[in-house]
Amino acid sequence: MSDEYRLALRSLGLRHSAGRTGICYDNAMAESFFGALKNERVSQVTYPTREAARRDITRYIEHWYNHRRLHSAIGYRPPREAHADHQRLQLAS
């Protein structure tokens, strides 16, 4: 991370999320999500306004990504299903 970037973050009262140099797993889940969002939705649509983009992307996340899209990291299940299973296990224990 550059000193200039670090100083800009500090001046805004923000912390960086990256670990030490060479650790590629810090943002892997976020990068995977944003890659899917870009490839599966954003690059397929031309948005007339920022508000239209916000509504469409919210709809994509809430109705497709979380409820129907299969994720290899959680056994090829949608996040909502994996979360429900996790909650059931927590209640049972």
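Cβ under 13 Å from Pro78's Cβ, Pro78 left aside: what net charge do those residues give with Lys, Arg +1 and Asp, Glu -1?
Net local charge, Pro78 excluded: +1.
Take the Cα gyration tensor of the chain, multiply each eigenvalue by 5, square-root it, and list the three semi-axes largest first, rounded to whole angstrom.
Three semi-axes, in Å: 29, 23, 13.
Rule-based calculations on the coordinates, nothing more; no lab input. As the structure is a computational prediction, the values presented were derived from the model and not from experiment. Cβ sites come from the backbone with ideal geometry, for glycine too, and all protein chains shown count toward neighbours.
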